[in-house]
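Just below is one structure, and these are the notes that go with it.
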Amino acid sequence: MPSPTIANDIGRSRQIIRQRMERCRSLTLALFAGVDPETFCRQAHPDFSPIGWHLGHIGFTEARWLLQQGAGQPDAFPAQYQKLFAADGLPKQERANLPPLAEIQAYLATIRAQVLAYLDLAPLAEQERLWRWLVQHESQHGETIALVLALQQPHPQAPAIAAPVPTPAIGMVEIPAGEFVMGHASIDALDNERPLHRVHLKTYWIDRTPVTCDQYRAFMEAGGYGDDRWWSAAGWAWLQTAQVHQPLYWSDAPQFGPHPVCGVSWYEAEAYARFVGKRLPTEAEWEKAAGWDGETQQPRTYPWGEAEPEAQHCNHGHFQGWTTPVGAYPAGASPAGCLDLLGNIWEWTNSWFEGYGEFESYPYPGYSQVYFDGQHRVLRGGSWATRSWAMRCAFRNWYYPSMRQMFAGFRCASDEARN
């Protein structure tokens, strides 16, 4: 029999998990308010499944890991769901023939009722990491749903900010040379964030804020999309095929000037950085600037400390519904003085996605390990659509460098002081 202390800890964990699951699900279902059947089933881009598939996959994954593998229950759901909603069941282009929204919502509700009943009995001492992983899994698919919806109505609307936006100090922040602890080790840490390890970096400088639309406009107006001086060979080859001349989510409306540029590929970010005489930061440089406390010599979970993200810390979780001006969240500043490190837009880094030393896959190799292929670049931070459970200084996202459909921007770094 567990000690009273252990029993109390497990009881608190059950409560936290229940609260997170319920809050996360309400955010997921809210995305489908007013969605018509065509939008529900449409594949808006070859690399992304219809939003209805993501909804079904969320339920399917929860049932698979908790009810079937955890509780040992038989699969009592329609047989066609196995092939339709499994990640390896059908190619993306064949996922548009979906049951109606009401049927998939009923499917999720049935699963959730059984899952919450199991939560009261589940051996959390062995399973807690899995339950927390599933909340993050749903959060990530929730952001993909928001992305696919944005692709079908790509003209952004600037949100109304309740309070005046302070003008952030421009320029770069110096990060002194030295070691820091990289990665994350809490029960929430995903496999690709582990293990903790020490990294030594030379002194470098990093932009205080992400690159804004006003700043990026200078690159566009100087003919940056037509000047191969700023592009790598791979980037220039991509550009000749892509035939783009501005970011995907670009707006010429003046109110977007102080917003971070959004909807750029890694190649576009790299070209801009070269244009201004800088470079993209490595993910280690990004993480040290975001979460390393030089005074305590300890990493922070979030730039501001250990308190979970709230509305005053950063633009996330659909609080605003789109990007906000950089510097609008001074309470989210890092110890180094950088702003907008979490939320608003994901930020490209100059690193390839790979495992840290002694990497161990969890809960299955296909979650992270199959992407350690030297073809995916790391993004850090999170966007305005990222939920709090999938956002921290050590959290890693990854995409092909050609992708620009995500809510992604960047900040620059340099080996020497620059404006």
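Derivation of every value follows stated rules applied to the coordinates shown; laboratory data play no part. No experiment lies behind these values; they were computed from the predicted model shown. Cβ: placed from backbone, ideal geometry, glycine included. Neighbour counts: every protein chain shown.
Things worth noting here:
- Kyte-Doolittle mean at least -0.5 and Cα axial length at least 27 Å: DSSP H helices in the chain: 124-151
- Entry for segment 316-380 at q = 0.14, 0.20 Å⁻¹: log10 I(q)/I(0) = -0.63, -0.89, Debye formula applied to identical alpha-carbon scatterers, no solvent contribution.
- Of the residues Thr296, Thr209, Thr110, the one that moves most in a GNM of the chain with alpha-carbon contacts below 10 Å is Thr296.
- Across the alpha-carbon set of segment 4-151, the Rg to Rh ratio works out to 0.99, Rh being the Kirkwood radius.
- Assuming charge only on the beta carbon of Lys and Arg (+1) and of Asp and Glu (-1), the dipole of the chain about its Cα centre is about 300 debye to the nearest 20.
- Calculated from the alpha-carbon coordinates, the chain shows an Rg and a Dmax of 21.6, 71 Å respectively.
- In the chain, lysine pairs closer than 21 Å at Cα, eight or more apart or cross-chain: 4
- Formal net charge of residues neighbouring Arg20 (Cβ-Cβ distance under 14 Å; K, R +1; D, E -1): +3
- Fewest-first ordering of Ser402, Ser186, Ser383, Ser361 by other beta carbons within 10 Å of each residue's beta carbon gives Ser186, Ser361, Ser402, Ser383.
- Two numbers describe the Cα atoms of segment 172-414: Rg and Dmax, which are 17.1, 49 Å.
- For segment 293-358, applying the loop criterion from DSSP together with a ceiling of 11 other beta carbons within 10 Å to the GluC sites (Glu not before Pro) yields Glu295, Glu306, Glu358.
- Orientation-averaged projected area, Cα convex hull of segment 178-251 (nm²): 8.5 nm²
- For segment 294-419: rounded, prolate or oblate by the Cα gyration tensor [a/c cutoff 1.5]: rounded
- Surface/4 estimate of mean projected area, convex hull on alpha-carbon atoms of segment 1-81, nm²: 7.9 nm²
- Computed 3J(HN,Hα) for segment 347-361, one whole-Hz value per residue from the Karplus formula 6.51 cos²θ - 1.76 cosθ + 1.60 where θ = phi - 60°, is 10, 5, 10, 8, 9, 7, 6, 8, x, 6, x, 6, 4, 10, 5, glycine and proline marked x.
- Part-to-part distance (alpha-carbon centres) for segment 38-110 and segment 239-267, which is given in Å: 33 Å
- Pairwise centroid distance, computed over Cα atoms, of segment 372-414 with segment 300-371, Å: 8 Å
- Across the chain, the longest piece that holds none of the trypsin sites (Lys or Arg not before Pro) lying in DSSP loops with up to 15 other C-beta atoms within 10 Å covers 203-417.
- Average silhouette area of segment 209-253, convex hull of alpha-carbon atoms, in square nanometres: 3.7 nm²
- With the charge dipole of the chain set up from +1 on Lys and Arg Cβ and -1 on Asp and Glu Cβ about the Cα centre, the Cα lying farthest toward the positive end among the listed residues Phe407, Ile145, Val173 is that of Ile145.
- Net charge over other residues, Cβ less than 13 angstrom from the Cβ of Glu174 (K, R count +1; D, E count -1): 0
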